[in-house]
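A short write-up of the structure that comes next.
Nothing in this text is a laboratory measurement; each read-out follows from the coordinates by a stated rule. Predicted, not measured: the structure shown is a model, and the values here were computed from it. All Cβ positions, glycine included, derive from the backbone under ideal geometry; neighbour counts span all protein chains shown.
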Amino acid sequence: MTAPIPDPMLPRPFRIEKVRRDLSDTFTMELVPAEGGEFTFAAGQFNMLYVFGVGEVPISISGDPGDRSVLVHTTRAVGAVTKALDALKAGEVVGVRGPYGTPWPVEAAFGHDLVFVAGGVGLAPLRPAIYQAMANRERFGRVVVFYGARTPEDILFKRELERWRGRFDMSVHVTVDRATGKWSGNVGVVTNLVAKGGFDPSATMAFVCGPEVMMRYSAAALEKRGVARPSIYMSMERNMKCGCGLCGHCQWGPHFVCKDGPVFRYDRIADLLSIREL
Amino acid sequence: MGQPHDLGNIIDEHPFFKGIDSGLRDLLVGCAANERFEVGEFLAREGRPADKFYLLRAGQVAVEVDVPGKQPVVLETMGEGEVLGWSWVVPPYVSTFDCRAATLVRALSFDGKCLRAKMENDPALGYEVLRRFVPMMGHRLASARLQILDLYGPSVAKAVKSKKKAG
Amino acid sequence: MPGVDGPKTTTFALDKAGLDRLIAALRRRGYRVIGPSVADDAVVYGDVASAADLPAGLGDEQAGGRYRLRRRDDGALFGYTVAPQGWKRHLYPPRQKLFAARRSAAGFEMLPPEPPAAPMAFLGVRACEVAAIAIQARVFGDKAYPDPGYGQRLAAAFVVAVECAQAGGTCFCASMGSGPAVSGGFDVKLVELAGSGRHLFLASAGSPAGTDLLAELDAPEAAPGDVAEAERQVAVVAGAMGRTMAAETARTLGEHAEHPRWDEVAKRCLTCGNCTMVCPTCFCTTVEDSTDLKGEHAERWRKWDSCFTVDFSYIHGGSVRTEGRSRYRQWITHKLSSWHAQFGSSGCVGCGRCITWCPVGIDITEEVAAIQASRK
């Protein structure tokens with residue numbers, strides 16, 4: 001044997017540069033390699049983040065794939081490890097393994113209308129693809145973002161959505177399941193936005209990310225609108241302990257969500273989506 | 001009120017009646033009127049006769065429920081290209097929710113009584129209209145069911161509490 | 001690591017003393033020799049120092065939910081079929097330290113890994129176990145992120161395979177194409193000929209390291225009659241298995257996700273996970289993080305896990321597979337069906353351990369047969 005195989009289970013230390021609170025339970029961290037160097041990833045990939053002594057958790061990357069100097073993660077604090085992550089401050093160190101998984105096929109979408117359908121914190125894994133699309137704006141027809149959140153207070157990346165909406169070359173539609181306060185925007189599920197169209201279904205690639213139920217119904221709405229199954233992609237979530245196909249936890253039918261996904265082409269998984277407890 | 005010719009065009013161009021047979025469309029025109037609602041005006045009121053439905057052409061309508069002591073709860077918003085109201089086709093023809101213009105709204109309204117009479121007389125028209133309403137009603141029902149799933153939980157109240165604790 | 005079958009090599013005849021010399025030669029080469037011995041009324045694969053440690057004159061009786069050692073009168077050293085735990089235990093231990101780290105001013109630093117353990121020589125690897133090792137080598141090696149520990153341990157290992165002289169009570173390797181003849185994946189192959197007044201081990205090499213080792217043992221070449229007897233013996237074993245796997249149904253089991261049979265098997269299955277613990281190819285693991293009391297030193301351990309636990313499929317909010325039927329279905333469809341898509345073969349080698357060690361005797365071949373029957 002020649003060079004030793006690098007151990008995929010060893011985290012690399014990253015220092016927290018900045019922490020920003022997005023929502024009451026959701027925060028974004030900017031990380032830089034503690035020992036210097038860069039971080040390269042493709043939109044849609046994820047990392048395993050390690051909190052010293054607490055554990056690891058798979059978190060998708062939410063930053064710009066064009067910027068290798070900083071690694072950005074947006075996390076919702078719902079479990080032991082994500083809550084421990086939430087408690088960390090700038091200057092502290094987390095372990096990073098990755099990037100893992102399949103990317104959003106942004107380049108394969110060149111020449112198409114590009115439709116993003118996001119639900120809740122599902123906007124975070126899509127944001128790198130949105131950045132990449134905007135960096136290559138002239139390569140696409142229409143670029144449309146449909147985003148559904150629980151309430152107006154739960155809208156992730158609100159300022160950025162407003163900024164995107166202000167652009168002349170992108171349309172952004174936001175809806176909430178439940179209106180509160182002075183919300184004057186759309187009320188209703190995100191699939192309603194999809195149903196209204198605003199893109200050429202025969203020449204559209206759609207990237208969908210959110211809770212699994214939301215993705216199933218969004219894919220159905222896209223299909224009903226005329227988007228072909230092979231042009232729809234979604235990002236799946238399953239339990240993961242390793243992120244790289246060794247631990248077996250994320251298996252879903254014949255797939256390892258960590259390495260065959262998380263981004264799957266809809267026609268390849270549509271049958272699996274309808275099997276309970278798979 | 002617009003000319004019958006213009007109303008016919010509006011019906012043809014609206015997604016809801018897209019592709020309708022021109023003869024049947026002319027029957028629709030006889031029951032249609034162009035309308036405009038300022039912000040805050042109601043297109044329908046809960047418990048009152050549902051004598052109309054609307055093809056929305058511009059603006060946004062909030063379907064809402066009044067809750068004493070609170071802001072009205074907006075259940076859903078509807079806008080351009082959508083159809084509003086189906087209580088006119090279901091006895092006893094009473095509106096289920098308030099429908100308020102959230103912005104300036106332009107719509108084509110249809111007189112329910114007028115259209116029901118024509119549909120009785122002409123089953124082809126009756127079938128054509130219902131053929132378009134039933135999928136819309138199914139879609140609304142499915143959407144409402146998804147909405148009550150509260151897919152993106154956990155609850156705001158809980159989250160606010162944890163923020164305080166972290167605070 | 002053993003190579004594939006090379007050109008025909010010489011077959012030597014070792015007696016018990018010759019086998020001792022083989023073990024001694026392995027130990028001289030720095031190998032930790034691991035072979036069968038008896039503990040807790042079962043055969044276990046552990047450290048052996050000489051042929052005297054082997055389970056002389058013991059066989060096993062295996063059936064659904066039943067395992068017993070029994071005396072045999074021929075003094076055979078490899079008279080059992082397979083031990084409850086396979087070689088996985090040594091190549092991919094139930095607990096493995098992934099890393100240790102120490103809190104530092106800059107956050108934390110990774111502590112250097114421990115030096116690799118001594119290379120292992122496995123004595124008594126059955127054909128199905130050779131196949132299982134090859135399958136796990138693909139699981140851990142054939143991917144973008146291979147597991148370096150497994151790769152190193154296997155590459156350093158010396159495999160002494162021993163062909164089965166009888167079929168076990170729950171075996172079906174013949175129908176899985178993984179035995180009983182050992183045809184590759186070994187450094188040295190032994191065939192034990194016991195009884196009829198002689199006790200021999202026919203030894204042949206399967207790799208240069210094996211050739212080298214056998215040359216040192218000063219053993220005579222085997223008599224042609226004994227070589228023929230060895231071939232006859234394994235042919236008898238192949239025909240003596242009580243079970244067969246319905247191969248095509250097994251391969252396409254994933255297509256029967258909604259089959260009513262899952263409800264039937266779930267009525268019996270205790271979801272205890274025994275089958276996954278004894279299966280020589282099951283590879284799922286979880287991780288465990290800990291710190292010392294001061295929180296200065298942290299470790300991360302990898303532990304065998306089972307898809308039969310509810311927590312296995314936990315995602316925030318709940319587990320995906322809450323019902324026993326879903327968990328049994330996951331295990332068997334993965335093993336027999338999705339494994340083909342993932343690793344290019346079945347994940348089952350027909351060793352029968354999952355049948356023997358199932359407390360309620362659920363039989364993997366019977367479950368497949370039931371679904372096969374309903375297809376007709």
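Tabulated data for the structure shown
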item	result
Proximal aspartates and glutamates relative to residue C:16, as straight alpha-carbon distance under 17 Å, when same-chain residues fewer than 8 apart are discounted	C:53, C:73, C:74, C:163, C:192, C:216, C:218, C:221, C:226
Value of relative contact order over region A:1-159, rounded to a whole percent, pairs C-alpha under 8 Å and six or more apart	26
Of C:351, C:164, C:307, the one that fluctuates the most in a GNM where chain C has Cα springs shorter than 10 Å	C:307
Phi-based couplings in Hz for region C:225-241 (Karplus 6.51, -1.76, 1.60; Gly and Pro marked x)	x, 6, 4, 5, 5, 4, 5, 5, 4, 6, 5, 5, 4, 4, x, 9, 7
Calculated FRET value between residue C:24 and residue C:322, using beta carbons and R₀ = 56 Å, to 0.05	0.55
In Hz, Karplus ³J(HN,Hα) per residue of region A:14-29 (6.51, -1.76, 1.60; θ = phi - 60°; x = Gly, Pro)	10, 8, 6, 8, 8, 10, 10, 8, 8, 10, 4, 10, 10, 9, 10, 10
Residues whose placed amide H lies under 5 Å from that of residue C:287, excluding near-sequence neighbours	C:303
Surrounding net charge for residue C:172, when Lys and Arg each add one and Asp and Glu each subtract one, Cβ distance under 14 Å	+1
Local net charge near residue A:206, Cβ-Cβ under 13 Å (Lys/Arg +1, Asp/Glu -1)	+1
Sequence-distant residues sharing a close amide H with residue A:110 (under 5 Å, placed H)	none
Inter-chain shielding of A:209-222 (mean C-beta neighbours from other protein chains, 10 Å cut-off)	2
Proxy reagent accessibility, fewest Cβ within 10 Å first, across A:18, C:267, A:158	C:267, A:18, A:158
Whole-Hz couplings from phi, Karplus 6.51/-1.76/1.60, listed for region C:96-112; x for Gly and Pro	10, 7, 7, 6, 10, 9, 10, 5, 9, 4, 8, x, 7, 10, 7, 7, x
Shielding score for A:52-59, defined as the mean number of other chain Cβ atoms within 10 Å	5
Top of A:20, A:225, A:150 by mean-square fluctuation, Gaussian network on chain A, Cα under 10 Å	A:20
Net charge of Cβ neighbours under 15 Å - reference residue A:138; Lys, Arg +1; Asp, Glu -1	+1
Cα-only radius of gyration and Dmax that characterise region C:179-288, units Å	21.3, 61
Per-pair calculated FRET efficiency, R0 = 25 Å: residue C:32 and residue C:297 via Cβ, rounded to 0.05	0.30
For the protein assembly as shown, share of DSSP beta bridges that run antiparallel, in % to the nearest 5	75
Over 24 Å (Cα to Cα) - which of A:83/C:294; A:241/C:97; A:241/C:267; A:182/B:70 fall in this group	A:241/C:267
Shielding by other protein chains, C:340-351, mean Cβ within 10 Å	1
Segment residue A:277-residue A:19, length gained on full extension (0.36 nm per residue, minus Cα span)	89.2 nm
Anchor residue A:259: aspartates and glutamates whose Cα lies under 19 Å away (excluding residues fewer than 8 positions away in-chain)	A:7, A:56, A:212, A:237, A:267, C:142, C:147
Cα gyration tensor of chain A - equivalent ellipsoid semi-axes, whole Å, descending	30, 22, 19
Rg [Å, one decimal], Dmax [Å, integer] - chain C, C-alpha atoms	21.9, 73
Within region C:335-368, backbone nitrogen closer than 13 Å to the virtual label 7 Å beyond the Cα of residue C:42 toward Cβ	C:353-359
Estimated 222 nm signal from helices in chain A, with DSSP H stretches of n ≥ 4 weighted -39500 (n - 2.57), rounded to 500	-6000 deg cm²/dmol
Anchor residue B:18: aspartates and glutamates whose Cα lies under 15 Å away (excluding residues fewer than 8 positions away in-chain)	B:26, B:80, B:82, B:128
Relative counts (whole %) of C-alpha pair distances in the protein assembly as shown, using bins that are 10 Å wide	2, 11, 18, 18, 16, 13, 9, 6, 4, 2, 1, 0
Gyration tensor verdict on region C:247-375 (Cα atoms; rounded if a/c is under 1.5, prolate if a/b is larger than b/c, oblate otherwise)	prolate
Candidates per GluC sites (Glu not before Pro) in region A:1-74, loop by DSSP, up to 11 other Cβ within 10 Å	A:35, A:38
Protection-proxy order for peptides A:71-84, C:287-300, each taking the mean of Cβ atoms within 10 Å per residue, highest first	A:71-84, C:287-300
